[in-house]
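For reference, the structure is listed below as structure tokens.
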Amino acid sequence: MSAATTTRSRTTRATRTPVPDRLCAEAVDLARSAAEEAAAPGVVGEHVGVVSEGDRVVTHYFEAKEPGYRGWRWAVTVARASRAKNVTLDETVLLPGSDALLAPEWVPWSERLRPGDMGPGDLLPTEAEDLRLEPGWTGEDEPPPNSIVSEELAELADAEDAELTDRPVAATSRGSIASVAEELGTRRARVLSRYGLYEAADRWDEAFGPKTPMAQAAPATCVSCAFLIPMAGSLKQAFGVCANEFGPADGHVVSLAYGCGGHSEAAVMPKPVRPADHALDTMRVDAYALRPERGEGSVPAEPDGASEDLGHS
């Protein structure tokens, strides 16, 4: 027999589903008793199938009637030793079927958390490798200003600077690094990284940015509004805080390109123009007689005497 034939026969034997053992397949009552013992009497339904797991290893499936477990099945695995007639119990477990009602996939709390979910007393720890943060300068490793070590380090630094450049070294007072770090807002254990700044800027620009419908209909942008409170740091070139209590973004960070109808320099709505008075009074009806009454008017009521002939032909 060739090597190819041997390999093909082994592959066929390995992939072929074994026939269920007869004694294990007939042990339905044993499997039902095990399922009822694991669950509770009355919740184990009809026997729905038998699956061979291997040589003399069979799994019996029973319908599960527990509320909330639609499509689930009780799976009881039994086995028999070689040349033995007694069937023994291996395990009992509740498994979902093909149409089972399953819970949604588990998501870590850090990914489930949404803005506004935190309440009073809640703690939100940040990860050590949070991409939004980077190490700051706390001054813990800096020696005290009056220590001998600090003076030696200062003299060594001045000497090295003098060797590298011809310019005179400017004398700096101890503690100047701390004051600069305090002014820049970096004297903390961790500060916002560039990624954290960009992420915050994108989020604020989406909520109160120039592409919002409110900004599209605004008479002017926030950069010229008196209600805009400037921010510190690198974000002050693009964002500020709105202080207009009647505006839609009061107390929120807004883009300088954002705007609303509450702009401080918005044009005052003109008063409605007062219509001119009517030249003729058309609101009153005047009654006029078809013929003037007697004694009134320039035409005498009675005709004069016979008129003389004026000689006209």
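Solvent-accessible surface of the stretch 51-132, averaged per residue with a 1.4 angstrom probe and all protein chains in place: 76 square angstrom. Apply the Debye scattering formula to the stretch 187-227, with a single equal point scatterer on each alpha-carbon and no solvent, then give log10 I(q)/I(0) at q = 0.16, 0.28, 0.32, 0.34 Å⁻¹. Those come out to -0.58, -0.95, -1.05, -1.09, one per q.
The values are calculated or read from the model by the stated rules, or taken from the named source; none is laboratory data. Predicted, not measured: the structure shown is a model, and the values here were computed from it. Ligands, DNA and RNA are stripped out before the accessible areas are found, and what is left, the full protein with its side chains, is counted by its heavy atoms. Shrake-Rupley method; radii C 1.70, N 1.55, O 1.52, S 1.80 Å.
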